[in-house]
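Everything on this sheet refers to the single structure shown next.
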């Protein structure tokens, strides 16, 4: 029967797939998508724990889901900012290939 | 057990169980339900198209469809048949997968919305307790399909249309959500069914100032979200020849067409639910009232399309951010006041009606004054120019 | 009408005016001005009622929860209103001065300029509506600051008045100096506010409340070190706002703003907020004797050295600015020696006569079209009313009986004389005593000197400006004259409330401190201070009044006297030269030290860093993904290292 | 009965989510990735429903599948790639990334399986919206304020960055 661990494994899998994408893709937009994927993995974990684990009495009953909501909020801001940065970089260098954006090179 | 659909569902299930294994029966009944919804939507859309063409024709002093069937009632059927029988073309350099998927991505959400519409107190396919959110969420999805379609067509005009659609939705989603919030605040629930229930004493359109304002802002941003004129920039024929669905023909085009009208209907239906007391009415059954209200609101959209010129692109965005957004925010605060004062409970609805009509009249008068002043101001330089030319 | 309603009226009338101006009346200048004047007027009347009520013994202290954190009321954040004698007095001062200033500004913003031929031209300032908008906001927030019953609301208003001060100093933002001055003022005060913010957060962490009434008992329970730390941090804010010694630099520059602004914000009310803050949180300082001494010393020193700077300045407004700093120093000194009544009393009187000084200065500038004392002179005949009013204010400032300044300043000096520091310090205490006494008395002399000098330069002697202008120099319009003359009334009378011949029960100090206060009036001291004041006046008179005689005549009649006068005329230059040369020498030394030592160190460090960087750059590919990869790889390794034993533990 | 349905639903949607995720990281063209991401996000929303977090599910659709996806597509179209560059990093980098990801996955799965979870007596299934609203304005008021601040800053920052000139 489906239980907590199924969901947790799903979350972990999503997170790691996202991680791979974030590390191995070249297009900055794709990297951003991969990061969204990672965030979703975390969110699934939150929601699952919220459903299956007993919460301490003094906190809200839906602390986990609230975290999910906050993560989504931050993700929205992050997406907007990330895309703005990508577009700015594109104006600057006519490319969004992360390996060509190496202003940090020492 | 007063839920009509549930009863039907149970009866059918019972009948089928007698002859079929459990799972198969389940599946069949579900399919049947889907088929019913689809049929209803198809029916609605055809009637809408007919009505729209008639009304627009009248507005433009034409007759409109009058050949096929009585009053051209069957025109839509003919068109549908024509479209279905057309050849299915995919541009050579298009991204085939996306091109094929896009119309479905547009259509499916618009159909899914119908699942939560409360046609009557005992007739809601699925009564979610986050119904409003569900509707708002699904309403944003078709645009994704539009954007993908525009991109996949590999055509500059289509791409332009796609970009326009994206920017338009991102801008108008915010005021739409904010326009719904006052209603949620007043009803104290997110479930559409509960919202209609909460209007048994007074429709929310009657909430002093708040109601009309919320309704207007919702209707405007709703029209913008379904890309209907005067917000039909993504498919502006005169600018970017049919925009995103320029490369589509036959069956796939029909899907877009279907989705567009389905969306238009669901917007008006939601508006009827949120502001006009859904199924509430006198002597006629709830279904009739609901559909009637939805159709009237749809006709308002048609009216707008027939009357107003298309906005310019910058006007469109400026309007969303500089006018609608502040208005809706202020309205939200007002709604809180109305709720705190419990106006809807204490004041009888005729009084509310009078108040609102007064407010609306006042606003109309003030606007006309402003408009006249603007006219005068605009006129002066011309006059001077003319004099300058003469002298 | 109950007190709460009154307090709300006091607070909301100007704020309503602000909202109205901001959102409705931006295009209609007259409407904006009227609304502000009306709002402030209402709030002034309400303040009078509040004052009467408080005299009748009424008090108010209400709180509303703002944020309630579910961990229990213990950590609830509250905001609220408070009305007690201190508040009542401040309300009176703020709304009263503000009202006068608002009326005055109307005329002042119709500026007079002189063209090449010396003909005056009057034109209304384009920022008229903006000016009254910010003024309304300032008044509202200042009243809020005074009415706040807790640190939180007080701090919010504190920052708001800072903002308004910034906006109004930079009112003529087209002038680069004004913009710079505004920035300087904002940043300097912010420096102090950082300390203040830290302090009040520290207090909150320690006691769990912002509300004064709740803080008082909990502070008593605090460890003395904690109390001292908190007190000093809070005092940082006061230092910044009230332009006390280390952070005094912004106030003189703030004179770039319109003169009414200087009168209201930078003389009467906002700069006094620091003093008010210390007075309001006296319960905290009383638990920190060290902090008290710091307050006293900083106050005394500021009073003295600001006065010395005032001696030599030639800009009429800057002289007044230095005088303000010096007087604020007096107040701090009074508070520092524990005489809240005396300090606030001086705040009270100072507000009136300093506002009057600034407004009259405004009239002078308005009439003469310049702020430079060297380009004035002989204005007494042109601006008789202004002169009369300014004279009264000046004498009050100098501290001549029976004008208001005398009584309040004397109360402070008496308090200093009767101040006995904690015995713990032994010899140090005696030294501190002597120092404070010296500051208090020396400042009396200097104050009298510079204010007389200002009067002589502006009104005495002959016109030294552009000759064609003089015939057009004329008394300010009625709108700018009546407020001035009205302000002269409290300037003269306000002092009697705290005068020794008033019974202790009815005296100002008793009213403010809430318990019977017997200010030992020391006739000897009073006589001494008066004598010092007279000496200062006489000296200045001798120096700058000497300009009345025609130089030629003087040379003929009394050569030596003239030469002596000439030498004295050179006093300023001499003084400046001395200071200048000293400064240059000091700067030279500093420069050498800087180049030789500091740069050496810095460069050394820099080169070291660069070398290190060269070594390290090899591993910096600049590829974000590489960095991310390293991070996550490290994460995995660490996690394994930590978890492995646990896992094994479960396995076994 | 319903258990079976729930289990089936879980496997279907989990599979869809994983397929979507793999698609995102393996598709050759960005828009395909976006398409797969859409699938993944929608399936995650469905998973939320299974976890009886309907409010979160709706928000997921509204924000992620709606707004964020749209932004992504927008960005894709604003940054056309003139020459077809290799979408993947160098083979070495891919391998390295794969190793780290796999290791992390193994680690997490191991932890999940090994840990003795203190399960609640009964899974938490009850209407969430009102409770969430309550909590957001009491217990979580500071995170709430902070989130709004973050949004504001994000808004301003995005404007500033993406502005022409």
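Just so it is clear, none of the values below were taken in a lab; they were calculated from the coordinates. Source: prediction; values computed, not measured. So basically every Cβ, Gly included, is an ideal-geometry build from the backbone, and we count neighbours across all protein chains shown.
Estimated at 0.36 nm per residue, the fully extended path between residue B:315 and residue B:353 surpasses their Cα-Cα distance by 10.4 nm.
Rg over Rh for the stretch C:136-233 works out to 1.09, both radii taken from alpha-carbon positions and Rh defined as the Kirkwood radius.
Summary of packing: across the peptides C:333-345, C:19-31, B:23-35, A:41-53, the per-residue average of other C-beta atoms within 10 Å ranks them, highest first, as C:333-345, A:41-53, C:19-31, B:23-35. The stretch A:59-82 and the stretch B:128-152 have Cα centres separated by 21 Å.
For chain C, the longest principal axis of the C-alpha atoms and the axis of helix C:340-368 are separated by about 60°. For the stretch A:4-93, the calculated P(r), taken from all Cα-Cα distances in 5 Å bins from zero up to the bin holding the longest distance, is 3, 14, 18, 19, 17, 11, 8, 5, 3, 1, 0 percent. Taken over the stretch B:200-282, the percentage of Cα pairs per 5 Å bin, counting from 0 up to the bin with the maximum distance, is 3, 14, 18, 18, 15, 11, 9, 7, 4, 2, 0. At q = 0.16, 0.21 Å⁻¹ the log10 of I(q)/I(0) for the stretch C:389-460 amounts to -0.64, -0.87, computed by Debye summation with a single uniform scatterer per C-alpha, solvent ignored.
Each principal axis of the Cα cloud of chain C was evaluated for its coordinate range; sorted largest first, these ranges are 115, 67, 65 Å. Extending 7 Å from the Cα toward the beta-carbon at both residue D:122 and residue B:93 defines two label points whose distance is 6.2 nm. Computed on chain C, with alpha-carbon pairs under 8 angstrom and 6+ residues apart, the relative contact order is 12 percent. Rounded to two decimals, the Cα-based Rg/Rh of the stretch B:30-70, with Kirkwood Rh, is 1.22. Placing R0 at 51 angstrom, the Cβ-Cβ distance between residue B:360 and residue C:111 gives a FRET efficiency of 0.60 after rounding to 0.05. In this simple spin-label approximation, residue C:640 and residue B:10 carry label points 7 Å from Cα along the Cα→Cβ vector, and these lie 6.0 nm apart.
Computed over the protein assembly as shown, the quotient of the alpha carbon radius of gyration and 2.2 N^0.38 Å is 1.16. The calculated 222 nm mean residue ellipticity attributable to helices in chain D amounts to -23500 deg cm²/dmol, summing -39500 (n - 2.57) over DSSP H runs of n ≥ 4 and dividing by all residues.
Can you give the FRET efficiency to the nearest 0.05 for residue D:94 and residue A:97, using r as the Cβ-Cβ distance and R₀ = 22 Å? E(calc), rounded to 0.05, equals 0.90. Here the spin labels are modelled as points 7 Å beyond Cα on the Cα-Cβ line, and at residue C:23 and residue C:175 they lie 3.4 nm apart. Estimated from the Cβ-Cβ distance and a Förster radius of 56 angstrom, the FRET efficiency linking residue C:592 and residue C:205 is about 0.75. Give me the angle, in degrees from 0 to 90, between the Cα long axis of helix C:427-459 and the longest principal axis of the Cα atoms of chain C, rounded to the nearest 10. Once rounded, the angle reads 50 degrees.
Counting Cβ atoms of other protein chains within 10 Å of each Cβ in D:38-45 and taking the mean gives 4. The value for the stretch C:270-418 of Rg(Cα) / (2.2 N^0.38 Å) is 1.12. Of the peptides C:185-194, C:7-16, the order by per-residue mean of other Cβ atoms within 10 Å, starting with the highest, comes out as C:7-16, C:185-194. Short-range pairs are left out: with C-alpha atoms under 8 Å and at least six residues apart, the relative contact order of the stretch D:1-85 is 25 percent.
Between the helical axis of C:523-544 and the longest alpha-carbon principal axis of chain C there is an angle of about 70 degrees.
Counts of other chain beta carbons within 10 angstrom of each beta carbon in peptide D:9-17 average 3. Only helices enter the 222 nm calculation for chain A: every DSSP H run of n ≥ 4 contributes -39,500 (n - 2.57), and dividing by all residues gives -26000 deg cm²/dmol, rounded to 500.
Estimated from helices alone, the mean residue ellipticity of chain C at 222 nm is -24000 deg cm²/dmol (sum of -39500 (n - 2.57) over DSSP H runs with n ≥ 4, per residue).
Three principal axis extents describe the C-alpha atoms of chain D; from largest down they are 58, 38, 29 Å.
Look at the stretch A:37-47: the mean tally of other chain Cβ atoms within 10 Å of its residues' Cβ atoms is 5. Overall form of the stretch D:124-165: prolate. Here a/c, set by the Cα gyration tensor axes a ≥ b ≥ c, is 1.5 or more, and a/b is the larger of a/b and b/c. All distinct Cα pairs of the stretch B:41-155 go into the 1/r average, and the inverse of that average, the Kirkwood radius, is 17.1 Å. Normalised by residue number, the volume inside the convex hull of the Cα atoms of the stretch D:1-85 is 67 Å³ per residue. Shape of chain B from its Cα gyration tensor (a ≥ b ≥ c, root eigenvalues): rounded if a/c is under 1.5, otherwise prolate when a/b > b/c, or oblate? In terms of gyration-tensor shape, oblate. PRE reach from residue B:304 (point 7 Å along Cα→Cβ): which of the stretch B:202-243 fall under 12 Å by backbone N? Once the point is set 7 Å along Cα→Cβ of residue B:304, B:215-232 turn out to lie under 12 Å by backbone N, inside the stretch B:202-243. The value of relative contact order for chain D, using C-alpha pairs under 8 Å at least six residues apart, is 16 percent.
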